[in-house]
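Take a look at the structure below.
Every number in this text was worked out from the coordinates using simple rules, so none of it is lab data. None of the values given here were measured: they were computed from a predicted structure. Don't worry about glycine lacking a Cβ; one is built from the backbone with ideal geometry, like all the others, and counts go over all protein chains shown.
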Ligand code: F1P
């Protein structure tokens, strides 16, 4: 039950996150590369946040799993470049994120920031700056409102760092839009309550690729369904061969992708696949289910508006299949090596 409650009360939490980040001042020393890192959900968040950051600021931003930073430092860190290393972790105690920060500590080219739901942890203490979202304290093993709130915090951070009031104005609408999404009933009932739909594939490009990856993780964690994610047009290059009449494709569409998405949808439907489209451009598209988003924000700024749909999809599917989303198989809240 607490997983459900944590999904359903995330809009209020986003309001508080907005206040926290807007009130904070950040280090504005120049760097060459902003590197976002984390594990699991926090790594997928890093992908979305890095793509948002680069587009907002015009500066180079990349995402790397935390373990890669101590296992293969040289393949990710250039000795002659200055970095802002942004570590993301709900708990602030996951082994790899602490090991990565410790491994890079002392390198004068690297400044660091922790984004976490616990401001008093080894990770927060090891970083030069912290965005602490202490009002998020999830009981659930699966990360839901921590994902949306840390992603939102990093979007607000990018808007502040780039001094872009146009972005900030749009981001301010997010808590209200998430509330509407949460109150949208069960638009995916046709999918969640069909036992003949067994394979789920999420397609998202750009920053939405991070959301597509996180959507697969939610479904895996809550229902142990094997599922995959791809950048929209990559799906044609091989993976489409697995589509059959048990396959559901959830496609995140954007203004830039919609002209290509319709042909892709038709190709998938011809093979028997069931296609759900989520996005503002979805009005122009034909699919099996269309979830239309508000059209007053740019696709990049509305990222968090999409999150409730895939979190509730996983939750509702779990309930339909008789799983307890509060007790996901083989998982613990924090992974320690
Ligand atoms: C990250 C994480 C989660 C995963 C599981 C274990 O934790 O890997 O993504 O769902 O609960 O922990 P954190 O570093 O963000 O606390």
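So here's what we get for this one:
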| item | result |
| --- | --- |
| Helix 303-321 axis, angle to the chain major axis (alpha carbon atoms, nearest 10°) | 60 degrees |
| At R0 = 22 Å, FRET efficiency that the Cβ-Cβ distance of residue 267 and residue 246 yields, to 0.05 | 0.80 |
| Relative contact order (percent, whole number), the chain, Cα cutoff 8 Å, 6+ residue spacing | 19 percent |
| Shape of the range 1-62, Cα gyration tensor, a/c cut at 1.5 | oblate |
| Gaussian network model of the chain, springs between alpha carbon atoms under 10 Å - residue of 149, 118, 27 with greatest fluctuation | 27 |
| Residue among 251, 233, 219 with the largest mean-square fluctuation in a Gaussian network model of the chain, springs linking Cα atoms under 10 Å | 233 |
| Pairwise FRET efficiency - residue 71 versus residue 176, Cβ, R0 = 30 Å, nearest 0.05 | 0.10 |
| Simple label model, 7 Å out from Cα along Cβ direction - residue 30 to residue 107, nm | 2.1 nm |
| The range 2-172: C-alpha gyration tensor shape, a/c 1.5 cut-off, then a/b vs b/c | oblate |
| Förster-model FRET efficiency, 25 Å R0, residue 298 and residue 163, C-beta, rounded to 0.05 | 0.90 |
| Tail weight of P(r) past 34 Å, computed on alpha-carbon pairs of the chain, percent | 21 percent |
| The chain: antiparallel DSSP beta bridges as a percent of all, rounded to 5 | 0 percent |
| Among 17, 75, 37, residue whose mean-square fluctuation peaks in a GNM of the chain (springs only between Cα atoms under 10 Å) | 75 |
| Label point 7 Å beyond Cα of residue 95 along Cβ direction - residues of the range 106-127 with amide nitrogen under 18 Å | 122-123 |
| C-alpha long axis of helix 145-161 to longest principal axis of the chain, angle in ° | 60 degrees |
| Rounded D (µm²/s) - the range 180-321, Kirkwood Rh over Cα pairs, Stokes-Einstein at 37 °C, 0.692 mPa s | 221 µm²/s |
| Taking all pairs of distinct alpha-carbon atoms in the range 240-337, Kirkwood radius in angstrom | 15.4 Å |
| Centroid-to-centroid separation of the range 303-326 and the range 268-299 [C-alpha atoms, Å] | 19 Å |
